[in-house]
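Scroll down for the structure; my scribbles are underneath it.
Derivation of every value follows stated rules applied to the coordinates shown; laboratory data play no part. Please read these numbers as outputs of a predicted model, since none were measured by experiment. Note that each Cβ is placed from the backbone with ideal geometry, even for glycine, and that neighbours are counted across all protein chains shown.
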Amino acid sequence: MLLLKYLILGIIQGFTEPLPISSSGHLRIFKSIFNSEVLSDMNFEIIVNFGSLVAILVLYRKEIINIIKDFFCYIKTKEKRYEVNFKYAWLIAIGTIPAALLGLFVKDFIEEYFTTKLVGLMLIITSILLFIIKDIKGKKEKKDMTIKDAIKIGLFQVVALLPGISRSGATVVGGMKSNLTRETALNYSFMLYIPISLASMILGVSDLFSSGNLNELLIPYIVSMIAAGIVTYYAAKLFIDIMKKGKLIYFSIYCLIVGIITFIIF
């Protein structure tokens, strides 16, 4: 039964992580419903987030390799053809800074004081934000992005530290409100996820290895990580497809329904 719980929750994490419906919010809701020891296990979040991170790295591997390669090629040669990705790498770093800095200060506060009822309210806010941008198309592509755009989207990512506010949803909203095309906004959103997720994993890995039950839970951890990784990969591809079709209204309706039910029940 313990293995099954880790498997199911790994699937839930994998499905909700890349979609604009808040994985942290859903895990909070499930924790309140089932009061499961799995959901009280902080190492579980580290493990499944790593699975999701690997999935995004695989999905965007070509883009990531090109950014890294062009970044160093531009430093070495200063050739114009490498300039776009050189600048883009810096924009990813700049967009990451706000959430990285504030995350260190608000994490404990959120863990202690953020109630499930507030998660419901945040899901409703996510629904409203997605509804606002559902018909926006935008014109700016990667080469047109500015430092101002990166900071603006980075600040939207700060808001997503609150469970119930979707990180991918908030950053896509920030991108669309910055007049980015849907594809550019979504790609930048996933690029911002990588350093944030990597930093969270690094900060939590010492707690993982120092926990007394690592040997006992090693198999459930591996199962949940693999489940999260596989489901994240296909959920991200689903999100990319839906974004291309401009059907964010589906996620808006979903967040509104779940948010209202959560707010009323808890």
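The rule of thumb for compact globular proteins, 2.2 N^0.38 Å, goes into the C-alpha radius of gyration of the chain 1.00 times. When you restrict to C-alpha pairs under 8 Å that are six or more residues apart and normalise by the size of the chain, the relative contact order lands at 38 percent.
Taking the longest Cα principal axis of the chain as reference, the axis of helix 23-34 is set at about 10 degrees. Across the stretch 128-139, rounded Karplus estimates of 3J(HN,Hα) from the backbone phi angles (6.51 cos²θ - 1.76 cosθ + 1.60, θ = phi - 60°) give 5, 4, 5, 5, 4, 9, 4, 10, 6, 10, x, 10 Hz, Gly and Pro being marked x.
The residues neighbouring residue 108, those whose beta-carbon lies less than 15 Å from its own, together hold a net charge of -3 under the Lys/Arg +1, Asp/Glu -1 convention. Using only helices, what value at 222 nm comes out for the chain when you add -39,500 (n - 2.57) per DSSP H run of length 4 or more and divide by the total residues, to the nearest 500 deg cm²/dmol? Theoretical 222 nm ellipticity from helices: -27500 deg cm²/dmol. The charge dipole of the chain, taken about the Cα centre with unit charges on the Cβ atoms of Lys, Arg (+1) and Asp, Glu (-1), comes to about 1300 debye, rounded to the nearest 20.
Summary: within the chain, the longest segment free of GluC sites (Glu not before Pro) located in DSSP loops with at most 11 other C-beta atoms within 10 Å is 80-266. Full extension of the segment from residue 245 to residue 66, taken as 0.36 nm per residue of separation minus the current Cα-Cα distance, would add 61.8 nm. By the rule of a C-alpha distance below 24 Å, with chain neighbours fewer than 8 residues away ignored, the lysines paired with residue 62 are 76, 78, 80, 87, 139, 140, 142, 143, 237, 244, 245. Length gained on full extension, residue 108 to residue 34, computed as 0.36 nm times the residue gap minus the Cα-Cα distance: 24.4 nm. Enclosing the Cα atoms of the stretch 202-266 in their convex hull gives a volume equal to 152 cubic angstrom per residue. Mind checking which of 75, 24, 231 is farthest towards the positive end of the chain's charge dipole, using Cβ charges of +1 (Lys, Arg) and -1 (Asp, Glu) about the Cα centre? Working it through, the farthest residue towards the positive pole turns out to be 75. Report the one residue of 113, 42, 54 whose Cα lies farthest in the direction of the positive end of the charge dipole of the stretch 1-132 (charges on C-beta: Lys and Arg +1, Asp and Glu -1; origin at the Cα centre). My answer, from the dipole projection, is 54.
If you take the charge dipole of the stretch 97-255 about its Cα centre, with +1 on Lys and Arg Cβ and -1 on Asp and Glu Cβ, which of 102, 165, 220 is farthest toward its positive end? Value: 165. The long axis of helix 214-245 is offset from the longest Cα principal axis of the chain by roughly 50 degrees. Between residue 216 and residue 115, the simple label model (points 7 Å from Cα in the Cβ direction) yields a spacing of 3.3 nm. Potential lengthening of the chain between residue 83 and residue 137 amounts to 16.9 nm, from the contour at 0.36 nm per residue minus the alpha-carbon distance. Between residue 140 and 180, 181, the built amide H atoms are under 5 Å apart, and every one of these is 5 or more places off in sequence or on another chain.
The dipole here belongs to the stretch 1-124: it is taken about the Cα centre, uses +1 on the Cβ of Lys and Arg and -1 on the Cβ of Asp and Glu, and is about 560 debye.
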